[in-house]
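What follows is a set of notes on a single structure, which appears directly below.
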Amino acid sequence: MSKGIVAALACFILFVLPTHAQYYYYNNKYYDNPVVFELGVSTGVMNSFTDLGGKKGIGKPFVKDLRWKTAHQSFGIYGAVNFHDAIFVRLEATFGQVSGADSILKNVAPSTFGRYERNLSFKSPIQEAQLAVEVHPLFFKTNYDREPPRLSPYVVAGVGNFSFDPQAKLNGQWYSLQPLHLEGQGFAEYPDSKEYKLNQFNILAGTGLKYEISPAFNARLEFVHRFLFTDYLDDVSRDYIDPTLFDHYLPTNLAAIAKQLYNRRGELNPSDAAPHDSQRGNPKNNDSYFTVQLKIGMTLGRQKR
């Protein structure tokens, strides 16, 4: 988890703690503080937008290429600082998996401009730490002589630090793809193909709906999208390379695996061999992933009258 994120949350808590003793009414049974705290858990699904899979036609950005068939379970834990129920600053850890496969395009293969024939696939675990701010507009003009609204729409935005590890299956075994340099990342012959790190920052934005179950518990339904600074979530971005270079740059065992995984067109059609430097992915659009989650939170700091 990023030390900068933890430090930022700690500074915020220290800044707001001096106001903790100022009370106002939450409802006719509870006092509230200007600042209270929340701990919670979440579960839902995680999905991604990458070069692999998608819908018929040429690859399209965002929801136009969304396939729910590739969604996987996600879960998380979070802690938040709640200021007057209007602004929440939360630190959250989220865990899940993303995947994609060109084989999902089989039924629409004639329309996919060679994406189905490319025959690539991947999966990757995701571990993420995020610092985010929730804004609840209905609470900016709350009349404290009345009970607050139980249902509150909100927007959320922040930054995250996530790790990933794209893998592909070959002969029943999963192999991590980043060490194989399948698109010549870092090879002198391909100066535009840069090596990528498996731990990176992202930008997140989304929306949600919060429901107050009781003074102590609440539930949220939330959609959050992550904008990435990499096109290698699936290890596919640019062009096919000269496979003889694997022997020059990789150990013998890894070179043998790389030659089988960089181009898998022949598994569908043995006579189909992609020429060097032909398109393998689309570097114009970075990959991304998102979650749809149900969150259950427990509020700490409200007191009975």
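The values are calculated or read from the model by the stated rules, or taken from the named source; none is laboratory data. These figures come from a predicted structure and were not determined experimentally. Don't worry about glycine lacking a Cβ; one is built from the backbone with ideal geometry, like all the others, and counts go over all protein chains shown.
Observations, loosely collected:
- Top-ranked residue of the stretch 244-285 - restricted to ones that are without any contact (Cβ under 8 Å) to a residue 12 or more places away in the chain and among the hydroxyl-bearing types (Ser, Thr, Tyr), ranked as surrounded by the most Cβ atoms within 10 Å (Cβ to Cβ): THR244
- Selection within the stretch 196-220 - touching a helix residue (DSSP H, G or I) at 6+ places or on another chain (Cβ under 8 Å) and charged (D, E, K, R): none
- Failed criterion for ALA109 (all others in (1) modelled with pLDDT under 95; (2) of a type outside the set (D, E, K, R); (3) within 19 Å of ASP165 (Cα to Cα) hold): (3)
- Restricting LEU52, LEU91, LEU39, LEU9 to residues that are among the aliphatic types (A, V, I, L, M), modelled with pLDDT under 70 and touching a Gly at 6+ places or on another chain (Cβ under 9 Å) narrows the list to LEU9.
- Tally, over the stretch 97-124, of residues that are on the phi > 0 side of the Ramachandran plot and buried (at least 19 other Cβ atoms within 10 Å of the Cβ): 1
- Unique residue being free of Cβ contacts under 8 Å to residues at least 60 places away in the same chain and either aliphatic (A, V, I, L, M) or within 30 Å of GLU38 (Cβ to Cβ) (or both) when the list is GLN130, GLN97: GLN97
- Given (1) over 15 Å from GLN178 (Cα atoms); (2) surrounded by fewer than 17 Cβ atoms within 10 Å (Cβ to Cβ), index of the condition THR299 fails: (2)
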